[in-house]
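Report on the following structure.
Every number here is computed from the coordinates shown, using simple stated rules; none is lab data. Since the structure is predicted, the reported quantities are computational estimates derived from the model, not experimental observations. Positions of Cβ are backbone-derived with ideal geometry, glycine not excepted, and every protein chain shown enters the neighbour counts.
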Amino acid sequence: MHKMLKLITAIIFYITFTFNCTAQHTGNDSLQALLASTSQPLQRFDLIRKELEGNLTSSRNIDSSVCIQLLDIAQHLKSDSLLAISYNWIGSYFLFNKGDNIAALEYYFKGIPLAEKANDKRRISSLYFDITLVYSQLKNYAAAFDNNIKGGENLPEKSSPMYDFMLVQYQRNLSEYYLAVHNADSALYYAKLTAVTANRVGARTFVFSSFFLTGAAYAMAKKTAMADSIFKKAIALLPLVKFNPLRSQFYIEYIQFLLNASRLVEAKIFCWKLLDLGNTYNSNPIRLQAVGYMQQVFDSLHQTDSAYYYSRQESKISADIFSEGNINRIQALSFHEKLRSIEEEAKLAANRNQVKQYALVAVLLFFILIGLLLYRNNRQRRKANTVLKTTLSDLKSTQSQLIQSEKMASLGELTAGIAHEIQNPLNFVNNFSEVSNELIVEMNDELDKGDINEAKAIASDIKQNLEKINHHGKRADAIVKGMMQHSSSGSGKKEPTDINKLADEYLRLAYHGLRAKDKSFNATLKTDYDKSIGNINIIPQDIGRVILNLITMLFMRLMKRRNQELKTMNQQFPSTQKKLMAN
């Protein structure tokens, strides 16, 4: 019985350590006024949190609607740390208001990964200490111990102002655990550590709790005098402690100590105080403990009627607690639905935001892709333009080279013809030069004879020969200049040109060029130029090549036709062809 009562009251006492009881709070009305005066979400969250802490320090229940507001703001701000705080309070609502241990664990465990993600050590340790309390209530001491150790491993940094506040909870939980498993020495050790840390924190509530924990440990170790001395120190601080759950925890520990010491009169006095506290606090669990102890006291005093009366009271209160439990479960279901609705809305909003983000990313990727394509196309276009410019330049260069090659090819084909053309005037030059030399010898002879008239006649012949030599020399010079013009690239400018002379020159060049290739080719050249045309503005080199190509192609057609006719004749009259070839 003693063990069970200690576990029930441990829940009430634990509230003092889950939340900072030393903080100064304004009244609930003023907090509500402040809440109505601000629209800043973070400020509203802080004010609501303070209001919840105020409810606990003034022994009021946790308001579910306030918890919903807290969660709504945290989800709106998308803050992992604030969500962890909200789930911590919601879990405490289910634990302290509704006695729903499973729901409490659900929300405590929801808060842990969020607090870890936010690296909020104070909240991580607080959640683990609350989970420790739930497992203690469920008498799962191993799980309670493990979670308390996890809370101790996640204490804030020693430099943090919250370090000692969380450390004292860790030490107190260990003292409570060892009391529950009847390990008096370890319980006393951690109770003394709790006292040291409580004095360092400087809060009466922590000092007060360290006293009765130490007293309970001494009582378990059968050190009654030491226990009584420590309990009296707690009694001296009792008027200064206004937090009712903490007072009820002390009453339960001390009443059990008095009953074990058979100090029944003192036990009855403190039973009345516990019952009065339950009535003031309107707490059926505290009333149940008080009437249970009253029954034990009157049984020990052999006052049967009074013992029976409190036994009936105990049954009635138990039934009320059961009824309250059913009501609480129904209310808890309704609260669960509200929470689920809020969480679903948050998930839907998160999904919508995610879809929007995905859509935005898709649009951005689309435009990036378009940009990359445009950039690539532009780059390729620039490359293509560069290639085209290079190609055009190469084509122009190639065209010039082809034109020059064509000139040179034509020049090569005409070399023989040109040589033949030059040969005629050169023959004339040579012949007239030889004749002139002979005439000069004859003239000298006549001069020696004194025949001046004959010498003058010979001199006149020499003059005519020189004129003919000059004429044929100029003709050869004209042929060479034409050949040079044909082989050169030229200026590309038009100039006055005798078209008849140009046509005649290239006619003869074409003819003699083909004759040089094929000695059997003969043609009679008959010309009929229009002398009235005179000079016309043309590019001599270009027009000359055109005339040369045209006449060459015509001569080649004639050659091809002649060869076909000869072949036909050879097939039809082979003997005649041989005679013709022989001739």
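If R0 is taken as 41 Å, the Cβ-Cβ distance between Glu266 and His182 corresponds to a FRET efficiency of 0.95.
The length gained on full extension between Gln401 and Asn535, counted as 0.36 nm times the residue separation minus their Cα-Cα distance, comes to 45.2 nm.
Would you mind getting me the FRET efficiency between Thr524 and Asn430? Use the beta-carbon distance for r and R0 = 25 Å, nearest 0.05. So, using R0 = 25 Å, E works out to roughly 0.35.
Between Ile538 and Glu495, Thr497, the built amide H atoms are under 5 Å apart, and every one of these is 5 or more places off in sequence or on another chain. Distance check, please: which entries in Lys494/Lys517; Lys474/Lys531; Lys158/Lys192; Lys50/Lys98; Lys78/Lys110 exceed 25 angstrom between their Cα atoms? Over 25 Å Cα-Cα: Lys494/Lys517. Quick one: go through the range 516-533 and flag any residue whose amide nitrogen is under 11 Å from the point 7 Å out along the Cα-to-Cβ line of Arg561. Counting backbone N atoms under 11 Å from the label point, the list is empty. Here Trp89, Trp272 are placed in order of increasing Cβ neighbour count within 10 Å, fewest first, which gives Trp272, Trp89. Annotation for Asn570 and Ser306: the two label points, set 7 Å from Cα along the Cα-Cβ direction, are 16.0 nm apart.
Sequence-ordered 3J(HN,Hα) estimates for the range 549-561 from the Karplus curve with 6.51, -1.76 and 1.60 and θ = phi - 60° stand at 5, 4, 5, 4, 4, 5, 4, 5, 4, 5, 4, 5, 5 Hz, glycine and proline given as x. On full extension, the segment bounded by Lys78 and Phe109 gains 9.3 nm, given 0.36 nm per residue less the C-alpha separation.
Computed from backbone phi, the HN-Hα couplings of the range 106-116 come to 4, 7, 4, 5, 5, x, 4, x, 5, 5, 5 Hz, rounded to whole numbers (Karplus: 6.51 cos²θ - 1.76 cosθ + 1.60, θ = phi - 60°; Gly and Pro given as x). Using the Cβ-Cβ distance between Ser39 and Val201 with R0 set to 35 Å, the FRET efficiency from 1/(1 + (r/R0)^6) comes to roughly 0.45.
By other beta-carbon atoms within 10 Å, ranking Val441, Val134 with the fewest at the front produces Val441, Val134. Close amide-amide hydrogen proximity is noted between Ala523 and no other residue 5 or more places distant or on a separate chain, at a cut-off under 5 Å (H modeled in the peptide plane; Pro and chain starts excluded). Proximity of backbone amide H atoms, modeled 1.01 Å from N, is registered between Asp100 and Leu95 at under 5 Å, excluding neighbours fewer than 5 places apart on the same chain. The 3J(HN,Hα) values that the Karplus relation (6.51, -1.76, 1.60; θ = phi - 60°) gives for the range 539-545 are, in residue order, 8, x, 4, 5, 5, x, 5 Hz. Gly and Pro appear as x. Among Leu82, Leu275, Leu42, the order by Cβ neighbours within 10 angstrom, fewest to most, reads Leu42, Leu275, Leu82.
Only Cα sites of the range 188-304 enter the Debye sum here, all with the same form factor; the resulting log10 I(q)/I(0) across q = 0.10, 0.13, 0.18 1/Å is -0.30, -0.50, -0.92, listed in q order.
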